[in-house]
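See structure below.
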Amino acid sequence: MTARRKLIAGNWKMNGLSAQLGEVSAIAQLAAGRSDIDVALYLPATLIAPAAPLAGTVLIGGQDCHQEEAGAFTGNVSAAMLVEAGARGTLVGHSERRAYQQESNTDVAAKAARAHAHSLAVILCVGETLETREQGDEAAHAWVVEQLRASLPEGASPDWLTIAYEPVWAIGTGKVATPPQVAAMHAALRTALVEALGEDAGNVMRILYGGSVSGDNAADILHTANVDGALVGGASLTAAKFAPIVDAA
Ligand code: 13P
């Protein structure tokens, strides 16, 4: 079996003002005691610069970056801007952006490539809706594998790219996918990565699970085959809720 270092990542989404920066410091304290895993926080763009000096070993990242270098794209943030603010990574293709900003797989691949061109580590998110899941497990696997293939950037490498499987029906709903559901999807994604990238890279690339991860279910999820970490929303907003997830890794 290939040893992959676990990554526990928090996604604050559109939450957090400077009053919450103390939580970044507290999460940095948690991470400081754990040289065996990686910890990352994907913050609102406005918090990246003030959070970066507090973060210690925690990777601070953005939640999206635009696929173009610069220009007339009102309201967007570029990869270079993230880097200048102190980010070392970014999410791309989160289901909330795919749904609310109509981002396509082609957009997501281009965003990942642009972020990599600026030396940002990238987490590429994939996941099926409830409607697709209700068509059965095989249909869900085929759908997510196709979404991954179509979103993978040119030159994808485990040196800078991580995959996050986040079933849309499990995000913010308290309905976590069961360990067998997660194991089966991650196995399908692993096979697809090996096909796309070859044995070495495909076996080394990390696949995270996200969707209602909490202190109560983290141990079960994190001990599931092919689960190399977690992408945590609500439970990453405070160190108190994030700590048991870090402990479970
Ligand atoms: P929740 O942990 O709040 O379900 O969010 C998951 C998620 O979307 C992380 O990116």
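The values are calculated or read from the model by the stated rules, or taken from the named source; none is laboratory data. Model, not experiment: these values are computed from the prediction. Note that each Cβ is placed from the backbone with ideal geometry, even for glycine, and that neighbours are counted across all protein chains shown. Heads up: the accessible areas ignore ligands, DNA and RNA and are worked out on the full protein's heavy atoms, side chains in. Shrake-Rupley method; radii C 1.70, N 1.55, O 1.52, S 1.80 Å.
The stretch between Y100 and S18, if pulled fully straight at 0.36 nm per residue, gains 26.9 nm over its current Cα-Cα span. Here the chain exposes an accessible surface that is 54 percent carbon and sulfur, computed with a 1.4 Å probe and the other protein chains kept in place.
Considering helices alone, the calculated mean residue ellipticity of the chain at 222 nm is -12000 deg cm²/dmol, with DSSP H runs of length four and up weighted by -39500 (n - 2.57) and normalised per residue.
Over the stretch 9-145, accessible surface divided per residue gives 46 Å², non-protein components excluded, 1.4 Å probe. Between the beta carbons of T129 and R149, assuming R0 = 22 Å, the FRET efficiency works out to 0.75 to the nearest 0.05.
Rolling a 1.4 Å probe across the protein heavy atoms gives the stretch 196-249 an accessible surface of 36 Å² per residue. Just check the stretch 120-249 against the gyration tensor rule for me: Cα atoms, a ≥ b ≥ c as the square roots of the eigenvalues, rounded for a/c under 1.5, and otherwise prolate or oblate depending on whether a/b exceeds b/c. Taking the square roots of the gyration eigenvalues as a ≥ b ≥ c, the stretch 120-249 is oblate.
For the stretch 9-15, the Karplus equation 6.51 cos²θ - 1.76 cosθ + 1.60, evaluated at θ = phi - 60°, returns couplings of 10, x, 10, 7, 6, 8, 9 Hz by residue, with Gly and Pro reported as x.
Scaling against 2.2 N^0.38 Å puts the C-alpha radius of gyration of the stretch 77-140 at 1.32. Residues whose amide H comes within less than 5 Å of that of E128, counting only those at least five positions distant or on another chain, are V168 (H built at 1.01 Å from N in the peptide plane). Could you derive backbone 3J(HN,Hα) for the stretch 29-36 from the dihedral phi with the Karplus parameters 6.51, -1.76 and 1.60 (θ = phi - 60°), listing whole Hz in sequence and x where the residue is Gly or Pro? Each residue of the stretch 29-36 in turn: 4, 4, 6, 4, x, 10, 7, 8 Hz. By the equivalent-ellipsoid construction on the alpha carbon gyration tensor, the chain comes out with semi-axes of 25, 22, 17 Å, ordered largest to smallest. With all pairs of different C-alpha atoms in the average, the Kirkwood value for the hydrodynamic radius of the stretch 165-233 is 12.2 Å.
For the stretch 9-130, the fraction of C-alpha pairs farther apart than 26 angstrom is 19 percent. The overall shape of the stretch 118-196, judged from the alpha-carbon gyration tensor, is prolate: a/c is not under 1.5, and a/b is greater than b/c. Solvent-accessible area of S214, all protein chains in place: 30 Å² (probe radius 1.4 Å, heavy atoms, ligands and nucleic acids excluded). Please enumerate, by chain and number, the lysines with C-alpha under 22 Å from the C-alpha of K6, excluding those fewer than 8 residues away in the same chain. Within the straight-line limit of under 22 Å, K6 reaches these lysines: K241. Taking amide H as placed 1.01 Å from N in the peptide plane, the amide H of V39 sits under 5 Å from that of I8, L59, each at least 5 places away or on another chain.
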